[in-house]
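Report on the structure given below.
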Amino acid sequence: MSYRRIIRRILGRTLTFKLRNSISEISYRMKLVPPATSVNKKEGISAMVCTMNEKEWVEPSILSVKDLVDEYVVIDSSTDCTPQIIENLAKEHGLNLKMERMPPGDMVKARTMALKLAEYKWILCWDADFIAKEETPKYLRELIEGLDPKRYYLVYWPHICLDGDLFHQNPKAKLHTEHWLFTYSPKLKYVKIKFFEVLVAPITYYKVIHINKPLSFHLRSVKDPVRVLYKHFRYRMRRERLLGKMPFDEYVKVKIKELYDTSDINEAAKMHLKQFIQSLDKYDKKTFGDYPKILKEYVKKMHGIKL
């Protein structure tokens, strides 16, 4: 475990943020770090979008931030029509798009490439299953305009997470808070910690802004049931320490027979989804508000479902 994670675990998020802000404030006042204005980037926001077979939600995801970002930097590893959907959206809506293709499996490399390709000072980390609320673009634009242009920032806020379908949430993880928006610096880097890519931002550079209210939705496991089941089995293989010891396809065959008494992956996926949803809470609009308009319209158009 890295020393950063140890400190954060001991102090908790709130005290960690206060420590970071105190150190970055001292560094700024003593001019120990170069100002953010010295970075060779244009004023504006680049959306960093890493995609792999995200055809379900990429359209409303991309369009929900079109009034916020100045460009989309897409690193795509898809084998489906996801890149074609993105290119069509760019043409139809006049979006400033850069797209690079790379093989799947290395998110650190993908995000590092996106950072290098980004032309703008601010980076929005925006996966293809994130949907911004209507008020979010204006809110974040006004926030950025009011900040000191010489400082580096990590802007945190919570996603509202939906799981299984559009009407349910995991009771243990209804919100997911991270630094979804940050100032670019050449000192930034992504590293892999266990199974996830993590942004490492120098503590002497970056001030935290923590927004408590949710600004967006994450359709976390609102995906094709087979894809959800495959992801579930990959996590199980890691937990059981079987990665690299047993072919994934063989593991899936064994498990769907053992757990669902079938050899049909589609049938197993439907049963898994049904069981999963039974363990979830219903989404409560009174707690977190209504769905974004763009999501409601898309779901109505594509699936005939009223949210």
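Every read-out reported here was derived from the displayed coordinates using simple, explicitly stated rules and does not represent laboratory data. In this text the structure is predicted, and so the values were computed from the model without any measurement. When we count neighbours, we look across all protein chains shown, and the Cβ atoms used for this are built from the backbone with ideal geometry, even at glycine.
Tabulated results
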{"item": "Complete set of residues in segment 118-132 that are under 25 Å from Thr14 (Cα atoms) and surrounded by fewer than 22 Cβ atoms within 10 Å (Cβ to Cβ)", "result": "Cys125"}
{"item": "Search result, residues across segment 24-51 that are surrounded by 17 or more Cβ atoms within 10 Å (Cβ to Cβ), of a type outside the set (S, T, N, Q) and in a helix (DSSP H, G or I)", "result": "Tyr28, Ala36"}
{"item": "Test: residue in segment 125-133 that is charged (D, E, K, R), assigned to a loop (DSSP other than H, G, I, E, B) and touching a Cys at 6+ places or on another chain (Cβ under 8 Å)", "result": "yes"}
{"item": "Criterion violated by Glu119 - all others in (1) touching a residue at least 40 places away in the same chain (Cβ under 8 Å); (2) under 19 Å from the mean Cα position of the chain (by Cα) satisfied", "result": "(2)"}
